[in-house]
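To keep things clear, I will list the structure first and then write my remarks on it.
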Amino acid sequence: QVQLVESGGGLVQAGGSLRLSCAASVGTLSSYVMGWFRQTPGKEREFVSAISWSGGNTYYGDSVKGRFTISRDNGKNTVHLQMNSLKPEDTAVYYCAASTDIYVRFSANDYHYWGQGTQVTVSS
């Protein structure tokens with residue numbers, strides 16, 4: 001098992017950038033598919049991005065394609081989400097998640113471990 005901790009959230013103006021980080025406080029990430037999800041009050045948890053075990057394959061939700069980049073450094077036991085050209089609609093709590101599946105999955109139900117989340121607020 002792994003325990004995950006997100007960091008890097010905050011307040012940013014529209015058009016700005018933030019870099020979120022996810023670190024394993026317990027366990028290692030190299031054997032997990034990793035994903036980022038986000039959620040706002042009253043809405044279903046939304047898929048943002050995912051990355052394969054070694055980082056060779058990345059995937060993005062339609063709403064963030066071209067603006068967000070996911071990466072991982074298994075040696076440092078971390079995953080990152082670089083968020084550029086941020087929009088007010090990107091405002092949400094962002095969660096890092098890990099899955100033991102062989103293939104990348106896109107549903108929150110397919111991820112087994114979750115961090116506590118980090119708040120991202122984008123002002124207009």
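The values are calculated or read from the model by the stated rules, or taken from the named source; none is laboratory data. Since this is a predicted model, take the numbers as computed values, not measurements. Here the Cβ is made from the backbone with ideal geometry for all residues, glycine too, and neighbour counts use every protein chain on show. Heads up: the accessible areas ignore ligands, DNA and RNA and are worked out on the full protein's heavy atoms, side chains in. Shrake-Rupley method; radii C 1.70, N 1.55, O 1.52, S 1.80 Å.
Could you work out what % of the accessible surface of the chain is carbon and sulfur, using a 1.4 angstrom probe and leaving DNA, RNA and ligands out of the count?
47
Counting only heavy atoms of protein chains, what accessible area per residue, in Å², does segment 43-124 have with a probe of 1.4 Å?
Here the residues of segment 43-124 average 52 Å² of exposed surface.
Considering only ILE102, ILE51, ILE70, give the residue with the highest GNM mean-square fluctuation for the chain, with springs between Cα atoms whenever their separation is below 10 Å.
ILE102
Stretched out fully, how many nm does the piece from ASN77 to ARG19 gain, at 0.36 nm a residue minus the Cα gap? Mind showing how you got there, number by number?
Values: separation 58, 0.36 × 58 = 20.88 nm, distance 1.61 nm.
Separation in residues times 0.36 nm, less the Cα-Cα distance, equals 19.3 nm.
Of the residues SER52, SER107, SER71, which exhibits the maximal mean-square fluctuation in a Gaussian network model of the chain defined by a 10 Å Cα contact cut-off?
Fluctuation is largest for SER107.
Taking amide H positions as placed in the peptide plane 1.01 Å from N, state which residues far from VAL33 in sequence (5 or more) or on other chains have amide H under 5 Å from it.
Those lying under 5 Å, H to H, from VAL33 are SER99, ASP101.
Using the Karplus curve 6.51 cos²θ - 1.76 cosθ + 1.60 with θ = phi - 60°, work out ³J(HN,Hα) for each residue of segment 66-83 in order, rounded to whole Hz, and write x for Gly and Pro.
For segment 66-83, the Karplus curve yields x, 10, 10, 9, 9, 8, 9, 10, 5, x, 9, 6, 9, 10, 10, 10, 8, 10 Hz.
Which FRET efficiency value, to the nearest 0.05, is calculated for VAL26 and THR121 with the Förster distance at 30 angstrom and r the Cβ-Cβ distance?
My answer for the efficiency is 0.55.
With θ taken as phi - 60° and the coefficients 6.51, -1.76 and 1.60, list the Karplus ³J(HN,Hα) couplings across segment 40-54 in order, rounded to whole Hz; mark glycine and proline as x.
Couplings: 10, x, x, 10, 5, 4, 9, 5, 10, 6, 8, 9, 6, 3, 9 Hz.
Taking amide hydrogens as modeled 1.01 Å from N in the peptide plane, which residues meet the under 5 Å criterion relative to PHE68, leaving out close sequence neighbours?
It is ASN84, by chain and number.
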